[in-house]
Every structure is written in structure tokens, then in C-alpha cells.
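Undergrad: Have a look at the structure that comes next, please.
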Amino acid sequence: MTVYTAAMAELLEHESVDIPTSFGTVRTYRFEGPVGRTPIVLLHGRSASTPMWRANIPSLMALRPVVSVDLLGEPGMSVQNEPIGGAADEARWLDEALTGLGLDRVHLLGVSIGGWTATSHAVHRPGRAASLTLLDPAMTFARLPVTTVLATLPLVVPGAPEALRRRVLSWIAGGADVDDTLPEAALISAGSTDFVLAKPPPALFTDEQLRALDVPCLALIAGRSVIHDAARAAARARRLLPLGQVELWPEASHAMNGEFADEIARRSHRFWEEVDRA
């Protein structure tokens, strides 16, 4: 919580709103943007929370209002107090949170497990999401390789040496050093050390579920990702998404939201404009 508070202090001016749901209280943040535009809802990755979007929020705010959600059951300020059984429950609490915010139409933007959460919401609670923008989504178009499952165990096993945790986080980020002077890096490090996850692992979406998605989807797959075979994930997304735009970004790692913040904002902006015009 100390690291989280320090990280939030680095973000632009915002308003926090806590929303009660069937599974706990969801912390959300509003960042003001141009009025009259469909808002963007940000869904962060594993062992993280709103501050991981520090590099993205300024460029996104210039385009539209931004709402960031601390995912329930992750190391943020949302408080889970009921068991979450799987994808349908994840979709339910998110939908209840958006209802509580009075958001009837949103563009969901998720990275990693946040991309999976956005897709789960569209599968189980269709109608509210105007579009999905998925940044290297985990367990959405391809499974985690066995090597990745084994390599990331130090992030979920209590008592793992800090040096080993840092090496794993660096590997996920394409070899970049874990610089704890960056608030989002310090937050992810603390989240993987000081927080215990109490949710089942995400289940891969079936072909039938992905084919049935009737919402426009922009999937940006990181070519250097370690959470799936990037080429295979992109190929499955292209084959199954009926309204999909799928791009393989060869230079990006799984930490692509920080690596290519401005490029992602520009590409997403074109996509959202197309969706809103349609």
C-alpha cells in the first residue's frame, strides 16, 4: 500500500470512486478528457494496478475521458470479499462496476490479464463494450507455454528470493532491467512479493466463444512475448474474430503498453474513431 500510494501520486489529476459489487468493492479512477466522447476503460495486468498505466494516461486523456479500474483480486485498492469462480464471475463484477459508474457504452483497453478480462466481459456480458483493444492478452488466443508457467512460479510462491523474482520480471519485459525508481516497476515488484492472489487461473477461450464475439476488436500481439507463441496467437485471432483487426508488433515485449505508449494511443485512436463512426 505504501508503494501504491507513492505510485498514484505520480499520475495526473484524477478522482477516485469505490463501487460495491457482488464480489467486493472495486476502486476506479476518472481522468478527465474531451467531453462527449465514449470513454476508455483501462484494465491492467497481473500483479499490478492503475499506476502501471502511468506512461499511457497522458496520451489517452488527450483523446477521450479515461477510467481506470483496479482489478478485483489483484494488488490494488479493490477489495475482494467473496470467492471469484471464473470468467463469468470476473465479467459480472466488472459489469456491476461499470453500471455503478453510469457507463453504458465504453471502449475496453486491457493489457495481459486485463485483455483477458475485457474479452471475458464481452463474452459473458455483451452489449456494454463498444470495442475491445487487447494488448498482448494472456490466455485469450493461445495458452501459456509450459516454460513460462514454470519460469513465473517465483512470482506466486511465497518466500521466493527477491533476486529471482526480479530476473523473472525482467524476462517478461523482454530483458529490460527492473528499475524500482519507476513507480510502476516498484508496484509490480511489490505486488508480486507482498500480495497473495485468491482467484482461479484464467481459462483459454474456446473457438466458439471467440467466433461469437460481435464487438469490434483490435488485438496487438507482442512479437517478443513470453506468455504465448505470438505468431500462433495472432493467427488464431485472425481466424476466429469476426470483427477483428489483428497486428503482430515484432519489436514489442509483453510490457508493450510502456514500451510503445504513444504508438498504442495513435493506433487505438484510429480504431475507436472507426467504431464510433460506424
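The values are calculated or read from the model by the stated rules, or taken from the named source; none is laboratory data. On a predicted model such as this, the values are computed, not experimentally measured, just so you know. All Cβ positions, even for glycine, are placed from backbone atoms using ideal geometry, and neighbour counts span all protein chains on display.
Undergrad: So Leu72 fits all but one of (1) farther than 25 Å from Phe195 by Cα; (2) modelled with pLDDT of 95 or more; (3) assigned to a loop (DSSP other than H, G, I, E, B); what number is the exception?
TA: Going through the list (1) farther than 25 Å from Phe195 by Cα; (2) modelled with pLDDT of 95 or more; (3) assigned to a loop (DSSP other than H, G, I, E, B), Leu72 breaks only (1).
Undergrad: While we're here: Could you grab me the full set of residues in region 260-277 that are surrounded by 19 or more Cβ atoms within 10 Å (Cβ to Cβ), touching a residue at least 24 places away in the same chain (Cβ under 8 Å) and within 16 Å of the chain's Cα centre (by Cα)?
TA: Ile264, Ala265, Ser268, listed by residue number.
For (1) basic (Lys, Arg); (2) farther than 25 Å from Ala237 by Cβ, each residue gets a yes or a no:
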| position | (1), (2) |
| --- | --- |
| Pro65 | no, yes |
| Leu103 | no, yes |
| Ser112 | no, no |
| Arg128 | yes, no |
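Undergrad: Among the listed residues Arg46, Arg27, Arg37, identify the single one that is in contact (Cβ under 8 Å) with a residue 12 or more places away in the chain, part of a loop (DSSP other than H, G, I, E, B), crowded, with 20+ Cβ neighbours inside 10 Å and among the basic types (Lys, Arg).
TA: That would be Arg46, the only listed residue that is in contact (Cβ under 8 Å) with a residue 12 or more places away in the chain, part of a loop (DSSP other than H, G, I, E, B), crowded, with 20+ Cβ neighbours inside 10 Å and among the basic types (Lys, Arg).
Undergrad: Would you pick out the residues in region 211-227 that are within 20 Å of Pro145 (Cβ to Cβ), buried (at least 22 other Cβ atoms within 10 Å of the Cβ) and at pLDDT 95 or above?
TA: Once the filter is applied, which keeps residues that are within 20 Å of Pro145 (Cβ to Cβ), buried (at least 22 other Cβ atoms within 10 Å of the Cβ) and at pLDDT 95 or above, region 211-227 yields Ala219, Leu220, Ile221, Ala222.
Undergrad: I'm told Val67 meets every condition in (1) free of Cβ contacts under 8 Å to residues at least 40 places away in the same chain; (2) in contact with a strand residue (DSSP E or B) (Cβ under 7 Å, 6 or more places away or on another chain); (3) not in a strand (DSSP E or B) except one. Can you identify the failing condition by its number?
TA: Going through the list (1) free of Cβ contacts under 8 Å to residues at least 40 places away in the same chain; (2) in contact with a strand residue (DSSP E or B) (Cβ under 7 Å, 6 or more places away or on another chain); (3) not in a strand (DSSP E or B), Val67 breaks only (3).
Undergrad: Have a look at Glu90, Glu82 and point out the one that is charged (D, E, K, R), at pLDDT 95 or above and touching a strand residue (DSSP E or B) at 6+ places or on another chain (Cβ under 8 Å).
TA: The unique qualifying residue is Glu82.
Undergrad: Out of all the residues in region 237-259, which are surrounded by fewer than 22 Cβ atoms within 10 Å (Cβ to Cβ) and part of a helix (DSSP H, G or I)?
TA: Arg238, Arg239, Leu240, Gly258, Glu259
Undergrad: So, one more: From the residues in region 2-24 that are touching a helix residue (DSSP H, G or I) at 6+ places or on another chain (Cβ under 9 Å) and assigned to a loop (DSSP other than H, G, I, E, B), which one is surrounded by the fewest Cβ atoms within 10 Å (Cβ to Cβ)?
TA: The extreme case among them is Ala9.
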